[in-house]
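Accompanying notes for the structure given below.
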Amino acid sequence: MIEPHSPQSCDLLIEAGWVVPVEPHGVVLDDHAVAVRNGEILAILPRAEARARFAAAEVVERPGHVLLPGLVNAHCHNPMTLLRGVADDLPLMTWLQDHIWPIEGALIGPEFVADGIELAVAEMLRGGTTCASEDYFFPDVQAATYKRLGFRALVGLPVIQFPTAWASSQDEYFDKALEVHDNWRGDALVRTCFAPHAPYTVSDESFARIRMLADQLDLLVHLHLHETAHEADEAVKQHGMRQIARIDRLGLLNSQLIAVHMTALTEAEIALCAERGVSVVHCPESNLKLASGFCPVEKLRRAGVNLALGTDGCASNNDLDMFGEMRTAALLAKGVAQDASALDAASALRMATLGGARAIGMGETIGSIEPGKRADLVCVDLREIETQPLHHVISQLVYATGRQQVSDVWIDGRAKLRQRVLVDIDTDALQAKVARWRPRIATMPAAR
């Protein structure tokens with residue numbers, strides 16, 4: 001018979017100087033612990049109480065650290081880590097049409113995708129990211145690679161009007177999309193969504209088909225939308241309406257839409273997105289680098305739109321640093337709004353965690369530290385010179401902390417980074433894989 005006050009067993013007890021659960025908003029819990037069993041968060045409670053209540057198989061003591069939910073990169077093209085630094089300092093369409101697409105056309109295949117994602121996962125884990133919303137080709141390989149590495153992902157099922165190494169016709173894009181979705185249905189770590197590239201590369205017919213299938217299968221739709229003012233202007237010339245109006249006419253402007261970039265928005269478009277429950281993914285550093293425009297983040301936030309944060313691909317950022325992205329997003333929002341109070345630190349952190357989780361349909365399972373959610377957790381060392389003295393934990397995380405201060409990462413309660421060392425990625429072997437791609441890419445004229 002179990003005594004009333006016998007300690008409960010758990011797999012893991014993480015004790016931290018501070019816990020920032022994200023929900024409730026802006027809360028910082030001093031000297032707390034998080035108990036985990038079977039990959040699930042059991043409790044968040046004061047450290048002394050946790051020691052009395054739980055008998056843990058493993059206790060991790062991090063007194064000078066803050067424990068956060070894992071960061072969610074809500075828009076990325078992770079195989080493009082292999083193109084980091086290629087064709088820099090060019091406008092979007094020149095960069096895309098004259099450089100990136102020709103290189104991809106020559107090199108894309110299963111090996112390119114798998115190696116690029118492994119490099120991305122290593123980088124993301126070292127920077128505190130535990131989940132990514134992926135938008136690229138060969139989603140079958142993507143899903144298998146994320147699963148093998150124990151990384152949580154929403155894998156986009158690509159649709160684009162022209163042939164690629166993945167599919168040669170519209171029917172093939174859809175047939176393969178449905179096959180990948182069926183193969184990964186119900187997986188604990190990997191989910192799928194539709195990922196039509198953009199309004200200027202996808203036909204009305206394909207969008208209508210996506211709408212029908214997304215409704216039938218209850219799938220999200222991940223779409224580049226209003227990335228530049230030029231796109232909005234061209235849409236009026238070609239379709240007689242702006243992109244958002246066209247997407248709305250096709251029935252896709254709804255709570256299933258993950259709208260990425262969203263610069264050049266009118267007040268009416270912002271209100272419509274709020275009304276329809278659209279989630280917006282802000283990619284500030286990529287937009288700055290490509291001079292794509294400024295997403296009106298504060299106006300969207302005040303309108304009640306769910307906001308997420310993404311890095312975009314390494315060919316247009318050039319990193320997967322979500323701490324850097326948070327800081328840039330917060331600073332840029334203030335400049336765009338001409339209001340120093342715009343996008344405060346707690347709201348920027350929320351974009352990178354719970355906002356991202358909600359955008360990609362995982363808000364019930366990740367994005368905050370709450371009992372019943374999966375244990376995707378990150379420890380950040382705040383004892384460094386760069387984050388002292390410590391007056392306000394959340395402000396320090398957003399405005400002063402670097403990703404190199406991430407010490408430990410867990411996904412589903414499994415250690416993925418332990419005191420800055422990757423647990424199950426052989427970094428020497430990974431470096432060797434990556435090195436083999438450099439000469440292949442460097443010899444291509446489009447890489448220059």
Out of all the residues in the stretch 1-59, which are in a strand (DSSP E or B) and among the hydroxyl-bearing types (Ser, Thr, Tyr)? Ser9
Residue pairs qualifying under the 6 Å Cβ cut-off, at least six apart or on distinct chains, with the first in the stretch 380-400 being touching a residue at least 60 places away in the same chain (Cβ under 8 Å) and the second being outside any helix (DSSP H, G or I) and open to solvent by 40 Å² or more (accessible area, probe 1.4 Å), are Leu382/Leu390; Val393/Trp18; Val393/Val28
Filter the stretch 405-448 down to the residues that are of a type in the set (S, T, N, Q) and modelled with pLDDT of 95 or more and list them by number. Gln405, Ser407, Gln419, Thr427, Gln431
Within the stretch 182-212, the residues that are over 22 Å from Thr130 (Cβ atoms), open to solvent by less than 20 Å² (accessible area, probe 1.4 Å) and not hydroxyl-bearing (Ser, Thr, Tyr) are Phe194, Pro196, Ala198, Pro199, Val202, Phe207, Ile210
Which number in (1) in a helix (DSSP H, G or I); (2) open to solvent by less than 20 Å² (accessible area, probe 1.4 Å); (3) farther than 21 Å from Arg185 by Cβ; (4) not polar (S, T, N, Q) marks the one condition that Ala87 misses? (1)
Among the residues of the stretch 298-323, which ones are more than 18 Å from Ser133 (Cα to Cα) and of a type outside the set (Val, Ile, Thr)? Glu298, Lys299, Leu300, Arg301, Arg302, Ala303, Gly304
Provide a single number: the residues in the stretch 377-392 that are open to solvent by 10 Å² or more (accessible area, probe 1.4 Å) and either among the small types (Gly, Ala, Ser) or assigned to a loop (DSSP other than H, G, I, E, B) (or both). 7
Residue in the stretch 262-290 that is nearest to the chain's Cα centre (by Cα), counting only those that are assigned to a loop (DSSP other than H, G, I, E, B), over 23 Å from Gly251 (Cβ atoms) and modelled with pLDDT of 95 or more: Cys283
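For Gly293, state whether it is without any contact (Cβ under 8 Å) to a residue 40 or more places away in the chain and either open to solvent by 20 Å² or more (accessible area, probe 1.4 Å) or among the acidic types (Asp, Glu) (or both).
In short, no.
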Matching option when the condition is touching a strand residue (DSSP E or B) at 6+ places or on another chain (Cβ under 7 Å) and either modelled with pLDDT under 95 or open to solvent by 20 Å² or more (accessible area, probe 1.4 Å) (or both), among Pro63, Pro102, Pro24: Pro63
Note down all Cβ pairs under 6 Å where the first residue falls in the stretch 15-36 and is without any contact (Cβ under 8 Å) to a residue 40 or more places away in the chain, the second is among the charged types (D, E, K, R) and open to solvent by 10 Å² or more (accessible area, probe 1.4 Å), and they're at least six residues apart or on different chains. Asp31/Arg47; Ala33/Arg47
How many residues are more than 19 Å from His77 (Cβ to Cβ), open to solvent by 10 Å² or more (accessible area, probe 1.4 Å) and either in contact with a Lys or Arg (Cβ under 7 Å, 6 or more places away or on another chain) or acidic (Asp, Glu) (or both) if we restrict to the stretch 314-346? 3
Selection from the stretch 29-41 of residues that are aliphatic (A, V, I, L, M) and either more than 25 Å from the chain's Cα centre (by Cα) or open to solvent by 50 Å² or more (accessible area, probe 1.4 Å) (or both): Leu29, Ala33, Ala35
Condition check: acidic (Asp, Glu), outside any loop (DSSP other than H, G, I, E, B) and either out of contact with any Pro (no Cβ under 7 Å at 6 or more places or on another chain) or buried (at least 21 other Cβ atoms within 10 Å of the Cβ) (or both). Does Glu364 satisfy that? no
Pair list, Cβ under 9 Å, 6 or more apart: the stretch 408-428 residue under 16 Å from Val66 (Cβ atoms) and outside any strand (DSSP E or B), other residue among the small types (Gly, Ala, Ser) and at pLDDT 95 or above: Gln419/Ser407; Arg420/Ser407
Subset of the stretch 198-220 (residues that are assigned to a loop (DSSP other than H, G, I, E, B) and farther than 20 Å from Arg358 by Cα): Ala198, Val202, Ser203
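Would you point out the residue of the stretch 227-261, among those that are within 19 Å of the chain's Cα centre (by Cα) and either touching a residue at least 60 places away in the same chain (Cβ under 8 Å) or open to solvent by less than 30 Å² (accessible area, probe 1.4 Å) (or both), that is farthest from Asn306 (Cα to Cα)?
So the residue we want is Glu227.
The values are calculated or read from the model by the stated rules, or taken from the named source; none is laboratory data. All figures in this text were calculated on a predicted structure; none of them were measured in a lab. Quick reminder, even Gly has a Cβ in these numbers, built from the backbone with ideal geometry, and neighbours come from all protein chains shown. Side chains are part of the model used for accessible areas, which takes the heavy atoms of the whole protein and leaves out ligands, DNA and RNA. Shrake-Rupley method; radii C 1.70, N 1.55, O 1.52, S 1.80 Å.
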